[in-house]
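**Student:** Dropping a structure here in structure tokens format, bear with me for questions.
The values are calculated or read from the model by the stated rules, or taken from the named source; none is laboratory data. Since the model is a prediction, treat every value here as computed from it, not as a measurement. Cβ sites come from the backbone with ideal geometry, for glycine too, and all protein chains shown count toward neighbours.
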Amino acid sequence: MVRSADVTIVGGGPAGSALAVALGRQGVRVELYEKARHPRLKACGEGLLPHGVSALRDLVGLPEVPTVRGLRFRAGGESVDADFPTGHGLVVRRDRFDAWLFEHAASTPNVDARPGTPYTGTRAPILVGADGRQSMFHRRLPAQAARPHRVGLSTHAIGVEGVTDRVEVFFHGDGELYLAPTGDDEVLISALFDYRQFTPDALTRLLRSIPAMRARTHRIKFTTPVLASAPLGSFVPRIVDATERLLLVGDAAGAPDPIVGDGLALAFSSTQDAASAIVSGDWRSYQRRRLARGANARRLGRLMLGLSRTERRGAWFLRHCSAIVPRLLDLAVAREPSSDRQA
Ligand SMILES: Cc1cc2nc3c(=O)[nH]c(=O)nc-3n(C[C@H](O)[C@H](O)[C@H](O)COP(=O)(O)OP(=O)(O)OC[C@H]3O[C@@H](n4cnc5c(N)ncnc54)[C@H](O)[C@@H]3O)c2cc1C
């Protein structure tokens, strides 16, 4: 006789796949729906912060991808390096990374992975929404959209000169630009804009507007299409519904503005909490801990959005407050929710 599942997970992105692994290993029977077939590209800055790296290592080990030791913030003529206080970050090209993680989930005992299968509504006793920022479950557990409204773009290219093992972050009046090595001389290029600054050629315009980038990109060749995603950022005040036995994970449970680069790390560092909640039935502690982690990222996001609003403001900050920049990274890589650290 076929044993039916204990948990239905909707979404086989990083959050859903990671949770499927954690549950399957504990003997929980999982059905994992993923509407796409991996590998598929996804608009993302592709940086995994150190606390996400260590959570991922504990869960499944690490993929062979470029490591980064910190960030290089740039605005106007100013440049400040800030290395991670502990550990290192990873640059995970999302098509390969998501496929790698989904494959881990599919080969975990007790996990029935269903690629290319949109969720149609039948469910096990417990239902998990891991279907991203525009989750269908926000009808039941509503999300609040972030302000200001922002658009994100990402692509990959070869021929960008001077890329190092630090993620470069440019603050510019038209938007923020991110560069990170994805391996084999290829670079991730991502940009974040306010809606009002956005035009279809926004990314190439931004590359041309930053003098330091103009000089480094005259031989640039794009290797993947430019993908867009909007609106960015959301806050979900309630992420569990004990009556419906519904729980949200990953971006579905609230997405920090990508300026913090914490979405993936937040998903992985909350995976064990979500799995424990499902196994023990203590859903409230998952809600409390996940929201506290998300609040750290939101606070940092607000601060960084304020600093990055104009190139002049960013340059002023880097010139006069360079000593504070590493402290920002400390905040970004904070492992535990602040309420737990104080306890
Ligand atoms: C421009 C941009 C830059 C970013 N930069 C970074 C960064 O540098 N670092 C970082 O950590 N984060 C970054 N993020 C955030 C990061 O992309 C997300 O936090 C991450 O993708 C969340 O993973 P997830 O699994 O929750 O959701 P997703 O990655 O969105 O996965 C959800 C999955 O659910 C599937 N799905 C949806 N609906 C259904 C359905 N009905 N049935 C079945 N399957 C379904 C989708 O196909 C998808 O595979 C960035 C985001 C953007 C937009």
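**Student:** Every residue in the range 238-255 that is near the ligand (Cβ under 8 Å from one of its atoms) and of a type outside the set (A, V, I, L, M, F, W, C), please.
**Tutor:** Scanning the range 238-255 gives 250, 251.
**Student:** Then there is this: Of everything in the range 87-128, what is farther than 30 Å from residue 164 by Cα and of a type in the set (A, V, I, L, M, F, W, C)? Give them in sequence order.
**Tutor:** Hits for the range 87-128 are 105, 106, 111, 113, 124, 126, 127, 128.
**Student:** If residue 5 meets every condition in (1) more than 30 Å from residue 314 (Cβ to Cβ); (2) within 16 Å of the ligand (Cβ to nearest atom); (3) in contact with a helix residue (DSSP H, G or I) (Cβ under 7 Å, 6 or more places away or on another chain); (4) of a type in the set (A, V, I, L, M) apart from one, which number is that one?
**Tutor:** So residue 5 meets the others, but not (3).
**Student:** Quick one: count up the residues across the range 125-147 that are within 15 Å of residue 16 (Cα to Cα) and not aromatic (Phe, Trp, Tyr).
**Tutor:** 11
**Student:** Can you tell me how many residues within the range 241-275 are crowded, with 24+ Cβ neighbours inside 10 Å and of a type in the set (Lys, Arg)?
**Tutor:** Looking only at that region, the number is 0.
The rows are residues; the columns are (1) under 20 Å from the mean Cα position of the chain (by Cα); (2) under 30 Å from residue 240 (Cβ atoms).
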| site | (1), (2) |
| --- | --- |
| 144 | yes, yes |
| 155 | yes, no |
| 171 | yes, no |
| 175 | yes, no |
| 183 | yes, no |
| 206 | no, no |
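**Student:** Let me ask something additional. Report yes if some residue within the range 207-220 is among the polar types (S, T, N, Q) and within 16 Å of the ligand (Cβ to nearest atom); otherwise report no.
**Tutor:** no
**Student:** Do we find a residue being over 28 Å from residue 42 (Cα atoms), at pLDDT 85 or above and of a type in the set (Gly, Ala, Ser) anywhere in the range 287-298?
**Tutor:** Scanning the range 287-298, I find no residue that is over 28 Å from residue 42 (Cα atoms), at pLDDT 85 or above and of a type in the set (Gly, Ala, Ser), so the answer is no.
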